[in-house]
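What follows is a short report on a single structure.
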Amino acid sequence: MVQFSILDYAQIDEGETSYDAIQNTVALARHAEQLGFKRFWVAEHHDVPAFASSSPELLMMHIADHTEHIKIGSGGVMIPHYSSYKVAENIRLLQATHRGRIDLGVGNTVGTKWVNEALNEGKDKRSYQSAIEDLKAYLYPQMPEDFRFKELTARPVVEESPEIWMLSTSVRNAEYAAQSGVKYCYGLFPGIPGDRFEVGKEALQAYNDQFVPNSSKLPKGTMVAVFAAIGETEKEAEELGKAIHLWLLGQDDFSHFKRIPSVATARDYPLTTEQKERIKAQEHRVFVASRQQLKEKLDQWIDYFKTDEVLLCLLAPGIKQRMNSLNIIAQEYQL
């Protein structure tokens, strides 16, 4: 049976503050837990005015403190910016304080030019794959004998190994995730040219065909992530989707809108012809459905990808609307 999980950006809606955003994220996580969602992940974004999720590990600790059993994870830590050793320590501390509830999703998006330079000033660059191999060495049993830091231990020491999820948009990284024995999450929402559905299907198939367990002996797992606009009616869903698409235009490095635009702002915004064409070309980035449409449309989508889990990012404006989107999903799928 397919599981449903949530990815949150600690978004700041129109008229609200960063403090409101964090409170809304915690409230959404608690609601997702009550409704039966499997995981609640938080993203990492830097210097984006509309997001308060710059440090997923800190936000994970806060959310885990305010929930009881739902799995809490990163979607994801942008590992090229950081020492794998420090990431491993952060995750083990989270595991020690919230046993059996912590996921580690890792990605390789480096952000804007200035973000990348500031986070990597004076550092030697490592590949995405080498960073994940280092994480496995610190977090999983049987550290390789030839590991260059084999004298180090990521502390505090805990018994269980976390689920490491590799976030990606390519077949190549899906194959690497399989051969490395970690789990794999394919993202439909990055603004990358090409047929994202076709690539995603090929990526998940390659992962399933080539999976080799590592020393952690954790089973394989797949997930597909997408922005979602889910409303009671078709009109409501479409209006929510329009607001998301407006923000996803990414104007001025996502600084044009200091907050996630409201439905009213999106409705009245004077889109240029070029912007309309860009939105049309990237409709796949947002799953739009009313309550009546939800199950039929999402079931077709799930069957196409043959995924174990769906990760929905409810980037729609308004915490009440995001809460109700959770209600609709939970009710229609009887979570």
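For segment 220-278, taking the residues that are in contact (Cβ under 8 Å) with a residue 60 or more places away in the chain and of a type in the set (D, E), the one that is farthest from Y9 (Cα to Cα) is identified as E232.
Starting from residues that are touching a residue at least 40 places away in the same chain (Cβ under 8 Å) and touching a helix residue (DSSP H, G or I) at 6+ places or on another chain (Cβ under 8 Å), keep the ones in segment 191-214 and report whichever is most open to solvent (accessible area, probe 1.4 Å). Outline the logic, then answer.
Our first condition is that a residue be touching a residue at least 40 places away in the same chain (Cβ under 8 Å); within segment 191-214, this holds for 191, 196-197, 200-201, 204-205, 208, 214.
With the extra rule that they be touching a helix residue (DSSP H, G or I) at 6+ places or on another chain (Cβ under 8 Å), the set shrinks to 191, 196-197, 200-201, 204, 208, 214.
On the way: G191: 52, R196: 14, F197: 59, G200: 0, K201: 92, L204: 1, N208: 47, N214: 27 Å².
Step by step, filter segment 191-214, then rank; the result is K201.
Examine segment 192-210 for a residue that is assigned to a strand (DSSP E or B) and on the phi < 0 side of the Ramachandran plot, and state whether such a residue exists. Checked segment 192-210: no residue is assigned to a strand (DSSP E or B) and on the phi < 0 side of the Ramachandran plot. The set of residues in segment 93-108 being open to solvent by less than 50 Å² (accessible area, probe 1.4 Å) and either assigned to a helix (DSSP H, G or I) or of a type in the set (A, V, I, L, M, F, W, C) (or both) consists of L94, Q95, I102, L104, V106.
Just to verify a result, which residue in segment 4-21, among those that are part of a strand (DSSP E or B) and within 13 Å of I319 (Cα to Cα), is farthest from the chain's Cα centre (by Cα)?
Going through segment 4-21, the residues part of a strand (DSSP E or B) turn out to be 4-8, 11, 13.
Then keep just the ones that are within 13 Å of I319 (Cα to Cα); that gives 8, 11, 13.
Numbers: D8: 7, Q11: 13, D13: 19 Å.
In this case the residue turns out to be D13.
Go over the candidates E145, E151 one by one and state the one that is over 14 Å from Y85 (Cβ atoms) and either open to solvent by 70 Å² or more (accessible area, probe 1.4 Å) or over 21 Å from the mean Cα position of the chain (by Cα) (or both).
E145
Cβ separations smaller than 9 Å between residues 6+ apart or across chains give the following pairs from segment 38-55 residues that are in contact (Cβ under 8 Å) with a residue 60 or more places away in the chain and at positive phi to residues that are open to solvent by 10 Å² or more (accessible area, probe 1.4 Å) and not in a loop (DSSP other than H, G, I, E, B): D47/W114; D47/V115; D47/A118; D47/D253; D47/F254.
Considered as a group, the residues in segment 259-282 that are part of a loop (DSSP other than H, G, I, E, B) and closer than 26 Å to A52 by Cα include one that is least open to solvent (accessible area, probe 1.4 Å), and that residue is P261. Does D299 meet the test of being at pLDDT below 90, assigned to a helix (DSSP H, G or I) and out of contact with any Leu (no Cβ under 6 Å at 6 or more places or on another chain)? For D299, the condition - at pLDDT below 90, assigned to a helix (DSSP H, G or I) and out of contact with any Leu (no Cβ under 6 Å at 6 or more places or on another chain) - is not met. Here is the figure for segment 50-87: residues that are basic (K, R) and either more than 17 Å from the chain's Cα centre (by Cα) or open to solvent by less than 20 Å² (accessible area, probe 1.4 Å) (or both) total 1. The single condition among (1) modelled with pLDDT of 95 or more; (2) within 30 Å of D252 (Cβ to Cβ); (3) open to solvent by 10 Å² or more (accessible area, probe 1.4 Å) that N90 does not satisfy is (2). The listed residues are E202, E163, and the only one of them that is at pLDDT 90 or above and under 17 Å from the mean Cα position of the chain (by Cα) turns out to be E163.
What number of residues within segment 302-319 are in a helix (DSSP H, G or I) and either closer than 15 Å to I244 by Cβ or touching a residue at least 24 places away in the same chain (Cβ under 8 Å) (or both)?
Quick first cut of segment 302-319, residues in a helix (DSSP H, G or I) only: 302-305, 319.
Then drop every residue that is not either closer than 15 Å to I244 by Cβ or touching a residue at least 24 places away in the same chain (Cβ under 8 Å) (or both), which leaves 302, 304-305, 319.
Residues meeting the conditions: 4.
From the residues in segment 215-258 that are out of contact with any helix residue (DSSP H, G or I) (no Cβ under 9 Å at 6 or more places or on another chain), modelled with pLDDT under 95 and of a type in the set (K, R), which one is surrounded by the most Cβ atoms within 10 Å (Cβ to Cβ)? Selected residue: K258.
The values are calculated or read from the model by the stated rules, or taken from the named source; none is laboratory data. Given the structure is predicted, the values throughout are model-derived calculations rather than measurements. Glycine also receives a Cβ, built like all others from the backbone with ideal geometry; neighbour counts cover every protein chain displayed. Surface areas here come from the heavy atoms of the whole protein model, side chains and all, with no ligands, DNA or RNA. Shrake-Rupley method; radii C 1.70, N 1.55, O 1.52, S 1.80 Å.
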